[in-house]
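Below is one structure, written out as structure tokens; comments come after it.
The values are calculated or read from the model by the stated rules, or taken from the named source; none is laboratory data. What you see is a predicted model, and the numbers here were worked out from it, not measured in a lab. Cβ coordinates were reconstructed from backbone atoms using ideal geometry, including for glycine residues, and neighbour counts include every protein chain displayed. Keep in mind that these areas ignore ligands, DNA and RNA; they rest on the heavy atoms of the full protein, side chains included. Shrake-Rupley method; radii C 1.70, N 1.55, O 1.52, S 1.80 Å.
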Amino acid sequence: NQYAFGATYKFDEPRIKLDLGFERNEYNRDSALAPQFGGSQNTVDLDITSIHGELGWEASDKWTLRGGADYVTIAGHYDPAGVYNSTAIATGSTAFDTVDNDQIIPFIGFDYDVSENTTWNMDLRYFDTTSNLSTPTTPTLDAIGNTQNPFDFSGFQVTTQFKVKF
């Protein structure tokens, strides 16, 4: 299932544009396979939610400055490579989360109209990802590559794009 909606409103004075968006994706595929026969790889139960907010200001006819934030959550079971097979076999179940992350991504950026057919933009984003999973302490589950490893990450990303229409 997928649900999405968005709204954009542009103010004339000052020249400000507001973008808001929401998206939810739900992936579900139940499996009758037992864990020892690949049930963990076959089961998919994943929910992804994204919220987007952005404010853009047209500083001039050539420059637009932007800022905002994205918030993303992803949680559920997804194991196509069988990384969690030993966990599934040891617990006798595939009904466990392999991922449960919250991510906030504030950003700033600009768009510059170099000419009528040429534009340049740049964005600076800061990714802050927090895992809500804890690593199991059961000795059977502690083998490298077979645990529910929490994924915490933070860092910057700079992207730029140069577009030419012809």
Practice prompt. Out of the residues in the range 117-157 that are at pLDDT 95 or above and among the β-branched types (Val, Ile, Thr), state the one that is surrounded by the fewest Cβ atoms within 10 Å (Cβ to Cβ).
Written response: THR118
Discussion item. If I filter the range 7-60 down to residues being touching a helix residue (DSSP H, G or I) at 6+ places or on another chain (Cβ under 8 Å) and of a type in the set (Ser, Thr, Tyr), which single residue comes out as nearest to ASP79 (Cα to Cα)?
Written reply: SER40
Discussion item. Against the conditions (1) modelled with pLDDT of 95 or more; (2) of a type in the set (Phe, Trp, Tyr); (3) within 25 Å of ASP152 (Cβ to Cβ), where does TYR84 fall short? Just the number, please.
Written reply: (1)
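Collect the residues in the range 1-50 that are hydrophobic (A, V, I, L, M, F, W, C) and in contact with a Lys or Arg (Cβ under 6 Å, 6 or more places away or on another chain), keeping them in residue-number order.
VAL44 - this is the single residue of the range 1-50 that is hydrophobic (A, V, I, L, M, F, W, C) and in contact with a Lys or Arg (Cβ under 6 Å, 6 or more places away or on another chain).
Any residue at all in the range 79-88 that is without any contact (Cβ under 8 Å) to a residue 40 or more places away in the chain, among the aromatic types (Phe, Trp, Tyr) and out of contact with any Phe, Trp or Tyr (no Cβ under 6 Å at 6 or more places or on another chain)? Break it down into steps so the answer makes sense when it comes.
Keep residues of the range 79-88 that are without any contact (Cβ under 8 Å) to a residue 40 or more places away in the chain, which gives 79-80.
If we keep only those that are among the aromatic types (Phe, Trp, Tyr) as well, we get none.
Within the range 79-88 (the criterion being without any contact (Cβ under 8 Å) to a residue 40 or more places away in the chain, among the aromatic types (Phe, Trp, Tyr) and out of contact with any Phe, Trp or Tyr (no Cβ under 6 Å at 6 or more places or on another chain)), the answer is no, since none of the residues qualifies.
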Discussion item. For the range 91-108, which positions are open to solvent by 30 Å² or more (accessible area, probe 1.4 Å), within 15 Å of THR129 (Cα to Cα) and of a type outside the set (Val, Ile, Thr)?
Written reply: ASP100, ASP102, GLN103, PRO106
Discussion item. Can you list the strands (runs of 3 or more DSSP E) lying wholly within the range 8-90 that have 1 or more residues being open to solvent by 40 Å² or more (accessible area, probe 1.4 Å) and farther than 25 Å from ARG125 by Cβ?
Written reply: 16-29, 44-58
